[in-house]
1. Round to a whole number: what % of the accessible area of the chain belongs to carbon and sulfur, probe 1.4 Å?
2. Could you provide, to the nearest whole Å², the per residue accessible area of the chain with probe 1.4 Å?
3. Based on DSSP, what percent of beta bridges with both residues in the range 1-147 are antiparallel, to the nearest 5?
4. Take ASP77, ASP213 and sort them by solvent-accessible surface of the protein heavy atoms, 1.4 Å probe, largest at the top.
5. Pop out the ³J(HN,Hα) list for the range 111-127 in order, Karplus 6.51 cos²θ - 1.76 cosθ + 1.60 with θ = phi - 60°, rounded to Hz; leave Gly and Pro as x.
6. Could you sort LEU156, LEU253 by their accessible area in this structure, using a 1.4 Å probe and putting the largest first?
7. Just the Kirkwood number for the range 164-295, please: inverse of mean 1/r across all distinct Cα pairs, in Å, one decimal.
8. Specify which labelled value, from (1) 18.4, 60; (2) 20.5, 64; (3) 22.2, 95, agrees with Rg and Dmax of the Cα atoms in Å derived from the coordinates of the model shown.
Amino acid sequence: MTIREILEGAAERAAKAGADASVWDARLLLAHSLGGISPLALDPRQTLDPVVSERFGALWERRLQGVPVQHLIGEWDFYGRTFRVDGRALVPRPETEILVQQALREAPGASRVLDAGTGSGIIAITYLLERPEARAVALDISVDALALARENARRLEVLPRLALVASDWLTALASTPFDLILSNPPYLAIGESPHLPPTVRDHDPRRALFAGDDGLAAIRQLLATAPPFLRPGGLLVFEIGFGQSEAVRSEILARPVWRFLRIEPDLEGIPRICLARLESAAERIQRTRKPWTGS
């Protein structure tokens, strides 16, 4: 069979199965089956070796069952670099690249960085690759996710500058403050689960997706527990969910130690990346000083 026939057959099977698998997914998996060539380099006239066709067929069958294409390939690009991905952590998403961009722009001199809820390590590792003088600590409650992050850090040669710590949020940290805290916390409400695509609902770790009835539990915990671990004037950058911008802004404004900066939109214009700064030493003194009432 030719590549054109294989792809047409794959699209027909997906339509009959009512799966959310796309033609582009098929091209990616076929390119992977051919040894990792570019999906844009596929020649529709090329006749496929039966072994390749069988390999692709097995992958496509799993894709129709809801397995993410990223898991089937085993790696995915983030910020121009290839990371290993699987079911131990969230699949890298393009909106998280904006988190890294904002951190690099707003805290160019940060040399000590914390990644809270690191998952596969993409945020901490990318920051270290962009800032060779920096060092980072990456936390996650999942030992399996930390093992995946270690694989990626070793593969991209930043492991000597990265400490990986098993921790329920910030509970295992020492008191030495960081210049910058980054996080892609869980921010989905539990009630959203039935409405998620199977690729997310059935294959991303639930602990990395859901945060209480309103999706804000992890963000509240981060805002409440981060101040002792961030130097005065230090920056907190974290991702938020659809429709959460006003609620998150209110959560920040309700805590006097934080200075709300802004929420940056993602590529679709959805408010996505929140930036807040811890009050400076001078601001803290001013806030806690008792007003003079005279004699």
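1. Values: 7600 of 14230 Å².
Roughly 53 percent of what the probe reaches on the chain is carbon or sulfur.
2. Values: 14230 Å² over 295 residues.
For the chain, the per-residue accessible area is 48 Å².
3. Details: 5 of 10 bridges.
Among the beta bridges of the range 1-147, antiparallel pairing accounts for roughly 50 percent.
4. Details: ASP77 95, ASP213 140 Å².
Result of the area sort, largest leading: ASP213, ASP77.
5. 10, 10, 10, 10, 10, 8, x, 6, x, 7, x, 4, 6, 4, 5, 5, 4
6. Working: LEU156 40, LEU253 100 Å².
Descending accessible area places them as LEU253, LEU156.
7. Mean inverse Cα-Cα distance, inverted, gives 16.4 Å.
8. (3)
The values are calculated or read from the model by the stated rules, or taken from the named source; none is laboratory data. The structure presented is a predicted model; accordingly, all values stated were derived computationally and were not measured. Note: ideal-geometry Cβ built from the backbone for every residue, glycine included; neighbour counts use all protein chains shown. Heads up: the accessible areas ignore ligands, DNA and RNA and are worked out on the full protein's heavy atoms, side chains in. Shrake-Rupley method; radii C 1.70, N 1.55, O 1.52, S 1.80 Å.
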